[in-house]
1. Going by average Cβ neighbours within 10 Å, how do the peptides 234-240, 20-26 rank, with the highest at the top?
2. Taking the full set of protein chains and a 1.4 angstrom probe, give the accessible area of Tyr53 in square angstrom, rounded to the nearest 10.
3. What percent of all Cα-Cα pairs in the range 252-313 falls in each 10 Å bin, counting up from 0?
4. In nm, what is the difference between 0.36 nm times the number of residues separating Ser377 and Glu209 and their Cα-Cα distance?
5. With every protein chain kept in place and ligands, DNA and RNA left out, what is the accessible area per residue of the range 15-406? Probe 1.4 Å, answer in Å².
6. How much of the accessible area of the range 15-406, probe 1.4 Å, is carbon plus sulfur, in whole percent?
7. Provide the descending list of Cα extents for the range 282-407 along its principal axes, expressed in whole angstroms.
8. Loop only per DSSP, at most 13 neighbouring Cβ atoms within 10 Å: give me the trypsin sites (Lys or Arg not before Pro) in the range 242-338, ordered by residue number.
Amino acid sequence: MTTPSTSAHIDLTDIDLFVEGRHHEAFSRLRAEEPVYWNKGGDGNNFWALTRYEDVLWAYREHSLFSSARGAILGGSFRSEDDSAGGKMLVASDLPRHRLLKQQIHPAFSTHIVARVRDQVRALVDRAIERALAEGGCDFASEIATELPAGALMVLLGVGHKQAHELIGLTRRMVGFRDETFVDLGSDQRLRLVWLQAEIFEFFVDILEERRRSPQEDFISVLLGAKINGRPLTEEEIFYNCMNLAVGGNETSSYTACSGLQALIEHPDEYDRLLVEPALIGTGIEEMIRWSSTNAYVQRVAQASMVRGSAQISKGDSVTLWNVSANRDDAQFPDADIFDVARTPNRHLSYGAGIHRCIGAPVAQIELSYLFGTLLSRGIRFRSGGAPRKLRSNFILGTTHMPLEVQ
Ligand code: HEM
């Protein structure tokens, strides 16, 4: 069931809206005029869009009213009709299974593992920065930012640098499934996704066998040892959760690094503030994460009919929670459109909230803290060396090319 739409002409499936940066204006209108918005997608997908902070947080918390089983992405991108990830993959499972699975997976993100990620990221980022300094510039997106997930994958999966980048290449194509830089747009979209998923599963086949023979303290060994209600995970469940880890962690942290640095370049006074007051690094990083809102939305499915504001949501409707809009809601963040590295409090929703809140957040925090801490402590300044190129997606807001010159 729907209510008539007054905010005509806004279509949140229009990728150009995001690539051209017009989405902030559209969300500002929606928050003011029609905060629970029935979006008639140009691609045939119709869904509700929650755009106010209060509504987005409410839906995250009401997990029994809003199921994750259809997957976080509109159109069910990371699954096919016959091969549903629902219930198998952490992000696409509901209680009680979600709780049991998360409990089993948590040890793979222990403080000891996060500390190892920091050491690995340090080695890779230091090397990449030295190279950029020696050459007077770099493509920050592909030469520095991708070293963050590479370092994390090397530790979390116990793989080498080359293998980590191979997996980043695969997940980049999956997240960029509508971007001609990464995929052949002439192919059928659903088949393209099924094929990409198969390639990611294939990547893990040999590693899984190795870990079966000799377990380590990595994510796959943790999954192999996991039991839910006394039953070990199936191979398919293990593959799905490996994909969840890779897709969840690879694109988000590197694209957040790009948007964060872009924000500092566009707001040089804020960069100066961080140089003068290094203690602001913590709030500065939170502000970069709020500002970036790299994971623009997540999808849920209504489990009951309900009224929210003037909208009548029906059981089975797709409901989207727009982090990128909630994070710019003036009712929660005074002067939300101002980039303020000292912003406190800053309870952004970039990592989601409630039971599905990002399990990789401590990993992302350590990656971003090391990168920006190093740039600031060494006083390294970049300026734009050409137009950045945006990823064609309304789900992950990213920059695929970001030419920079050292200032
Ligand atoms: C700045 C970086 C990151 C952002 C913005 C981000 C964003 C998010 C968001 C919004 C969710 C909630 C999904 C939902 O409610 O449906 C989530 C969940 C998740 N993220 Fe992240 N993420 C980041 C980094 C990472 C990293 C580094 C990893 C792994 C190494 C990771 C792995 C996951 C996983 C496995 C989930 C599912 C958790 C659950 O369902 O309980 N993420 N992330």
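1. Numbers: 234-240: 18.9, 20-26: 14.7.
Going from most to least packed, we get 234-240, 20-26.
2. So the heavy atoms of Tyr53 present about 20 Å² to solvent.
3. 19, 35, 17, 17, 11, 1
4. On the way: separation 168, 0.36 × 168 = 60.48 nm, distance 4.31 nm.
Taking Ser377 through Glu209 to full extension adds about 56.2 nm, to one decimal.
5. Numbers: 15790 Å² over 392 residues.
Ligands and nucleic acids excluded, the result is 40 Å² per residue.
6. On the way: 8060 of 15790 Å².
About 51 percent, which is the carbon plus sulfur part of the accessible surface.
7. The principal-axis extents, from largest down, are 56, 32, 29 Å.
8. Lys315
The values are calculated or read from the model by the stated rules, or taken from the named source; none is laboratory data. This structure is a prediction, so every number in the text was calculated from the model and none was measured. Cβ atoms come from the backbone with ideal geometry, glycine included; neighbour counts cover every protein chain shown. Heads up: the accessible areas ignore ligands, DNA and RNA and are worked out on the full protein's heavy atoms, side chains in. Shrake-Rupley method; radii C 1.70, N 1.55, O 1.52, S 1.80 Å.
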